[in-house]
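Input: a single structure, listed below in structure tokens.
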Amino acid sequence: MSYKFGIILLLSTMGAIRAQQQPYYLQQCPRDEAAINECLRDSGNKLVHYLQKGIPELDIYEIEPVVIDEIGIVLGSGPDGYRALFRNIQAFGVSNITVTNVRSDLDSLQFQLTCEIPRIRVKAQYRSTGVLILVKASGAGDYWGEYEGVKAKIYFKAVANEAADGRTYLTTDSVKMDFNVKEIQMGVDNIANGNTVIQAALNLFINSNSQELLKEMKPALRTKLTLVIRNFMDRLFAKIPLDEWINLN
């Protein structure tokens, strides 16, 4: 073997080793059943820490605000039933998420994450029609909300596929989630027609019935959030091979 060829082979080997090095934003976990769940929890929180700042290597520079296109609620029936549509919903504070527990089955690639978020601030545009507490509540304006003590459970099943680079990557097969909120404050501002009576009536009703309103919004909100979570997971999985999550040796 010539000296030149030896140098090329050495440099190629060193390059391959560097390419396989564990990324700074993720902790690789052993397959050991006794340690895997705790390790995945810690690894998830390490990833969150770096996601808050942005990870250029993953083409992720900002993760907030989390945006949902629209959700609607209906209270009551008939022509005077109250209907509200919230559009361009932007949520801030989601990146302060902490993974508190992980349950996993590596054979079937099923995972359940328990998470907590101290506080989420939300703003949106809304439009409503109908009657609310005996007041004609048709109008439009700005919605704001503060959700404290958010707890969520996320379940997902993944499938593994070998890519062109010879490494194995995950994609989500199914995702489910649910959540609850300890305390809620919300209201509306800048009503289009400037009717202060409607604005006062809406804010009184909203803050007196915040948990009930969340219950009405939850099915649509859960569907939208599940899609957001699934898309974000697949974005991560497409960039991070399985052997950087879990030591497969």
### Query
Using a cut-off of 16 Å between alpha-carbon atoms, which aspartates and glutamates can reach residue 136, once sequence neighbours fewer than 8 places away in the same chain are excluded?
80
### Query
How much FRET efficiency would the formula 1/(1 + (r/R0)^6) give for residue 64 and residue 239, where r is the Cβ-Cβ distance and R0 is 25 Å, rounded to 0.05?
0.85
### Summary
Too long for a 19 Å Cα-Cα cut-off, among 153/182; 176/239; 151/215; 151/176; 53/224, are 176/239; 53/224
### Message
What number comes out for accessible area per residue over the range 20-85 if the probe is 1.4 Å? Units Å², please.
### Response
57 Å²
### Query
If you average the sequence gap of Cα pairs under 8 Å that are 6 or more apart and divide by the length of the chain, what percent do you get for the contact order?
17 percent
### Query
If you roll a 1.4 Å probe over the range 65-244 with all protein chains in place, what percent of the accessible area is carbon or sulfur?
52 percent
#### Entry: Charge-dipole axis of the range 96-144 as Lys and Arg at +1 and Asp and Glu at -1 on Cβ define it, positive-most pick from 132, 100, 115
132
### Task
Calculate the spin-label point distance for residue 21 paired with residue 159, positioning each point 7 Å from the Cα along the beta-carbon direction, and give it in nanometres.
3.5 nm
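Under unit Cβ charges (Lys, Arg +1; Asp, Glu -1), what dipole magnitude, rounded to 20 debye, does the range 65-244 have relative to its Cα centre? Intermediate results must be reported in sequence, preceding the final value.
Numbers: 21 positive and 20 negative charges, 73 e Å.
Rounded to the nearest 20 debye, it is 360 debye.
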### Message
Using +1 at the C-beta of Lys and Arg and -1 at the C-beta of Asp and Glu, which of 245, 196, 228 has the Cα lying farthest in the positive direction of the dipole of the range 116-249?
### Response
196
### Query
Between residue 171 and residue 46, what is the spin-label point distance in nm, taking each point 7 Å from the Cα along the Cα→C-beta axis?
2.8 nm
#### Entry: the chain: calculated mean residue ellipticity at 222 nm from DSSP helix runs of at least 4, using -39500 (n - 2.57)
-11000 deg cm²/dmol
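The values are calculated or read from the model by the stated rules, or taken from the named source; none is laboratory data. Quick caveat, the model's predicted, so the values are computed rather than measured. Neighbour counts are summed over all protein chains in view; Cβ atoms, including those assigned to glycine, are modelled from backbone coordinates with ideal geometry. In case anyone asks, the SASA skips ligands and DNA or RNA and just uses the protein heavy atoms, side chains included. Shrake-Rupley method; radii C 1.70, N 1.55, O 1.52, S 1.80 Å.
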